[in-house]
Structure formats: structure tokens, C-alpha cells
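Laboratory data are not the source of any read-out in this text; all were calculated from the coordinates shown. Predicted, not measured: the structure shown is a model, and the values here were computed from it. Every residue, glycine as well, gets a Cβ built from its backbone with ideal geometry; the counts of neighbours run over all protein chains shown.
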Amino acid sequence: MDKHARIYVAGHRGMVGSALVRELNAHGYRDLVTRTHSELDLTDQHEVNSFFHDARIDVVLLAAARVGGIMANATQPARFLYENLAIETNVIHAAYRASVARLVFFGSSCIYPKLCPQPIREEYLLSSALEPTNDAYAIAKIAGLKMCNAYNSEYGTHYVSLMPTNLYGPNDNYDPRGSHVLPALIRKAHEAKIARAPTLTVWGTGAPRREFLHVDDLAAATRFLLEHDVGEGVYNVGVGEDLSIRELAECVARIVDYRGELVFDATKPDGTPQKLLDVSRLASMGWRASIDLEDGIAKTYEDFCAHHCALEAASNG
Ligand code: GFB
């Protein structure tokens, strides 16, 4: 891809968007366009149309989305469905109307069926029922992927969909009401260590298995696809290995140095039993994730301490 391409990163303040900006800046892309939520509301069709009409964008990276962990998804299905559908339809259609040649749409591994054969290949999409705790979000992300494919076939665009596994890294959400499991456990373990709490409560049975990808690896995969001029299709992005939530909680406790007991609260939902991605499509093209999970969690914990502990100190003092 041309280093002078004008690239709009939608959602640049989020975990994925900010990683994309870091990756592209580090590799010499100089014409990045960003807009904050207050400058451009992506759920507003009129605002989105006029932005694309004026901005002369060559490439869109559509990382803006309403996202959250199992509880946020399960309790706010209307919000997840509406906001994600609105953002996708507004941005993808306006990009097409403004003759944007290339677009990367970011979905999630939760688009695949609840009881999917493992590891999950891209072809398993819509082969059986979805996981109920996140079916609203999944339906919206499936619609975005289908839009990209439909616009490519009907209008000749080059819109690609990436389906990352569970992500973690800098700029994650640590609010316990909305966070995913990894940031939730980092925060819980840190707070339990400070409070010298004898136990730490982990939601669910601890048996579900999840795969975790550092967001910098997702950003690297995105640049890889753009630089290899991949213009269509769906690509799983993961590491190809998973672990149980119990193993994850033990790993986080070790890294944070929390030495109390882990207690499992089986009244909280487990969600899908396993969602391990088959990453052979990207691997056969020459891309593999490179950030080891323990190293990635250790770095993320440092980032958590730098940002959140500083805020805590400021509010206490
Ligand atoms: O990351 P998570 O919220 O979402 O939860 P999903 C993964 C597993 O970790 C579930 C357990 O079995 C949770 O019950 N868990 C244990 C916890 N302790 C905690 C905790 O303190 N907080 C949280 N959040 N979980 C989401 C989807 O599914 O994954 C989204 O709902 C999206 O749509 C995202 O796809 C990647 O992996 O179950």
C-alpha cells in the first residue's frame, strides 16, 4: 500500500483503533485521518455522509464499535445491535459512495456458532445457532461482514473483514460493568493484592476456553493484509492456542503477584464453551502472531499500573 494513502482510522481512541494508529505511524504512514466521537458521530448518517464527501479518504479501517464483555453484551442487546448496525451501514455505504477503494472491517470470533467444531474455520459462519449471551453483537458483526462481501460483488469494492479472537492490550476497558475477562482479572487481582483480600472471585465455572491476541498483533496483521493488497474475504486473526478461564486467572494472579485463593462464581454466565480460531488462512500467506501471552499480560499489567494506579493516587490524594 502507498505510504501516502489517506487512511481514516474510525475509532482511533479505542483499543483496536489506537493500536492501528501506533502501527501505521511506526511504519511511515503519514496521512492518517481521525475524528473524535464529538467531532463525528458515526451513528448519524448525515454526518458520516458529509465527512466522506469532504475528506478524500483512500482507505478506511473500521474499528469503531460498541464492544464489551459477556455481561455488557447480555444486558444491553438493543444498544449493541443498534449502534453497531448504524456505524457499519453508515460508514460502509458512505465509503462506497465516496469511491473509497479499500476498507478493513473488524468483527469478532463470536460471529461463529456457539457449538462450532474447533478450531473454527472461516467457512463455519452461520452453520448453526449463535451463543445467546452475545447474539445481538454477533448479528451486527455478521451484517457488516456480509455488507463488505456484497459491496465487493455488486460494486467492485475491495472491502476485507478481519475476525479477531478475544483481544487485550493498551487502552482496554477496565470498568468491571463492561470489561472483558482479561482486563477484569487484571484489575481484580491488583485490587485484591492491595487490599490483601484472601479470595478473588472469578465469574463462571472456570471451564470455558478462550484464545487471547494482543491488539498489537492484530494491528500488525492488518498492515500485512493492506501491504499484500488483499482486497476481499474474511480472515480469522488469532494465535491458534487457547486456555481455560481457570488457567488464565492463575496466570494473571501469578503476574500480578496475588497469592490468595481463586473462587469460582457459577451463578455468572460461562458463555460459549470454546472459540479457538483456525488461523491457517493468514498463516498460509505468511503472517503469524508474535506476542507471547504471558509477556503480553505482563506488559498490559504495567500499562494498567501506569494509567489506572496514577488515577487512583490522584483521586485518593
Ligand atoms: O471476556 P468475556 O467477558 O466474554 O468472558 P466472552 C469470557 C469468560 O470469562 C466467560 C469469564 O466465561 C466469563 O464468565 N469471566 C470470569 C469473566 N471472570 C470474569 C470477569 O470478571 N469479567 C468478565 N467479563 N468475564 C465476549 C462477547 O464473549 O467476547 C463479545 O460477549 C465479544 O461479544 C468478546 O465477542 C470478544 O469471550 O464470553
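Of Lys146/Lys299; Lys3/Lys299; Lys146/Lys275, which ones are farther than 27 Å apart at the Cα?
Lys146/Lys299; Lys3/Lys299
Evaluate the chain: find the radius of gyration of its Cα atoms, find its Kirkwood radius, and give the ratio Rg to Rh.
Dividing the radius of gyration by the Kirkwood radius yields 0.96.
Can you pull a Stokes-Einstein diffusion coefficient for region 224-291 at 20 °C (1.002 mPa s), Rh from Kirkwood over Cα pairs, as a whole number of µm²/s?
Result for D is 140 µm²/s.
In which sequence would Ile297, Ile87 go, from the one with the fewest C-beta neighbours within 10 Å to the one with the most?
Ile87, Ile297
Using alpha-carbon positions, what is the distance between the centroids of region 22-51 and region 87-124, in Å?
19 Å
When 1/r is averaged over all different Cα pairs and the result inverted, which Kirkwood radius in Å belongs to region 156-195?
Computed over region 156-195, the radius equals 12.4 Å.
Run through region 56-115 and list the trypsin sites (Lys or Arg not before Pro) located in a DSSP loop whose Cβ has at most 14 other Cβ atoms within 10 Å.
Arg56
What number, rounded to the nearest 500 deg cm²/dmol, is the helix-based mean residue ellipticity at 222 nm of the chain, given -39500 (n - 2.57) per DSSP H run of at least four residues and division by all its residues?
It lands at -13500 deg cm²/dmol.
Would you kindly work out the equivalent ellipsoid of region 141-220 from its C-alpha gyration tensor and give its semi-axes, the square roots of five times the eigenvalues, largest first in whole Å?
With the √(5λ) rule applied to region 141-220, the semi-axes are 37, 13, 10 Å.
Could you state the principal axis extents of the C-alpha atoms in region 179-317, from the largest down, to the nearest angstrom?
51, 36, 20
For region 7-316, calculate the relative contact order in percent as a whole number, restricting contacts to Cα pairs under 8 Å that are 6 or more residues apart.
20 percent
Starting from the eigenvalues of the Cα gyration tensor, five times each then square-rooted, give me the equivalent ellipsoid semi-axes of region 54-207, largest first, whole Å.
Sorted largest first and rounded, they come to 33, 19, 13 Å.
What length, rounded to one decimal in nm, is gained on full extension from Ile194 through to Arg79, with 0.36 nm per residue of separation minus their alpha-carbon distance?
37.9 nm is the gain from fully extending Ile194 to Arg79.
How big is the antiparallel share of DSSP beta bridges in region 7-316, given as a percent to the nearest 5?
5 percent
If you filter region 189-278 for trypsin sites (Lys or Arg not before Pro), then keep DSSP loop positions with at most 14 other Cβ within 10 Å, what is left?
Those satisfying the criteria are Arg196, Arg259.
What FRET efficiency comes out for the pair Asp44/Arg22, r = Cβ-Cβ distance, R0 = 22 Å, nearest 0.05?
With R0 = 22 Å, the Cβ-Cβ based efficiency is 0.20.
Given bins 10 angstrom wide, list per bin the percent of all Cα-Cα distances in region 1-141, short to long.
Taking every Cα pair in region 1-141, the percentages come to 11, 37, 33, 17, 2.
Which lysines, if any, have their Cα less than 26 Å from the Cα of Lys268, not counting same-chain residues under 8 positions apart?
List returned: Lys114, Lys141, Lys188, Lys193.
Can you give the Rg and Dmax of region 85-124 based on its C-alpha atoms, in angstrom?
14.3, 40
Kirkwood hydrodynamic radius, computed over distinct alpha-carbon pairs, for region 80-152: how many Å, to one decimal?
Roughly 13.0 Å, rounded to one decimal.
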